[in-house]
Every structure is written in C-alpha cells, then in structure tokens.
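Enquirer: To start, I am sharing the structure in question, which I have written as structure tokens.
The values are calculated or read from the model by the stated rules, or taken from the named source; none is laboratory data. Not measured: the values here are computed from a predicted model. Here the Cβ is made from the backbone with ideal geometry for all residues, glycine too, and neighbour counts use every protein chain on show.
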Amino acid sequence: MRQAFFPGANSTLAIRPLHPQFSGMNTTATKNLVVLARMLERLDDSTVAVDPQQYRGVVEHLGEVLRTVPYDAALEAVLAASPATAELYENLQYQHAGLCRSPLEASLNAELAARAAIDAARKAPSQPKA
C-alpha cells in the first residue's frame, strides 16, 4: 500500500491501488456492464445527435449483460451510478418485480395526488357546455 500526505493533515492516509471497489467486479461480465453503462450515459447526455443504430446496439448489448449478471453489490453500484442503466434494468425486470427501482414513497404520493385530483373533479359542479 502506498502512503500519501495531504497538506494540513496530521496523519498519513492509505491509498490503495486502483481496483474495483467490490470483489465481484473482477468478472468480465461486470467489467462489460460498467463499460456499457458508461457508454449509455454518454449517449444519453450527448449534446449532438446520436446514431439510432448505435444507441440501439448499446442498449441491446447492455440488456443482454444485465440478464446474465447476478444481483449483487457490484450490480447495485452500477445501477446507482447510471440512471439510464437502472431504468433499463427496471424495464427488464418489470414482469417479475414491477417498478422495483422506483422510490415507493414518490410513487405513493403521486397516486394519492392523482386520487385527490380525481375526487375534486368529481365533486366540482359541472360546467354547462357553450
């Protein structure tokens, strides 16, 4: 392990060599997942027009990888870091888990607000058509 000093710090900090943060990230599938997730984020964030075939190819390949990797800490880290990949994963898992990555509280609040609006519309006096 290397040691590094920071100005003004009273102690030495250990800096580990650059390795994946999770032991499971050493697999080829997980490395591909990370690369494809980054590519998808770049395509989504692009300020220039993206070739639809390139976008589709990245999404299809990423979908194949997402179907093969186990759900573990490494996958969770990738999904947390890449909103586009998380959305794709959620869509792939929809038949089994619904919107498994959507915050439950936000979904519940949206449903309650919709119900309140519908109830208010039902109680409002009807307007005659002109």
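Enquirer: Just a yes or no: is a residue in the stretch 108-121 surrounded by 10 or more Cβ atoms within 10 Å (Cβ to Cβ), within 13 Å of the chain's Cα centre (by Cα), at pLDDT 90 or above and part of a helix (DSSP H, G or I)?
Expert: No, the stretch 108-121 has no match at all.
Enquirer: Might you let me know whether the stretch 47-54 holds any residue that is in contact with a helix residue (DSSP H, G or I) (Cβ under 8 Å, 6 or more places away or on another chain), in a helix (DSSP H, G or I), of a type outside the set (V, I, T) and within 14 Å of T85 (Cα to Cα)?
Expert: no
Enquirer: May I ask you to list the residues in the stretch 44-53 that are more than 14 Å from L88 (Cα to Cα) and either among the aliphatic types (A, V, I, L, M) or in contact (Cβ under 8 Å) with a residue 24 or more places away in the chain (or both)?
Expert: Those that are more than 14 Å from L88 (Cα to Cα) and either among the aliphatic types (A, V, I, L, M) or in contact (Cβ under 8 Å) with a residue 24 or more places away in the chain (or both): V48, A49, V50.
Enquirer: Among residues belonging to the stretch 98-107 that are aliphatic (A, V, I, L, M) and surrounded by fewer than 10 Cβ atoms within 10 Å (Cβ to Cβ), point out the one that is modelled with the highest pLDDT.
Expert: The extreme case among them is A106.
Enquirer: Of all residues in the stretch 65-87, which are under 15 Å from T28 (Cα atoms), surrounded by 13 or more Cβ atoms within 10 Å (Cβ to Cβ) and either free of Cβ contacts under 8 Å to residues at least 40 places away in the same chain or touching an Asp or Glu at 6+ places or on another chain (Cβ under 9 Å) (or both)?
Expert: V65, L66
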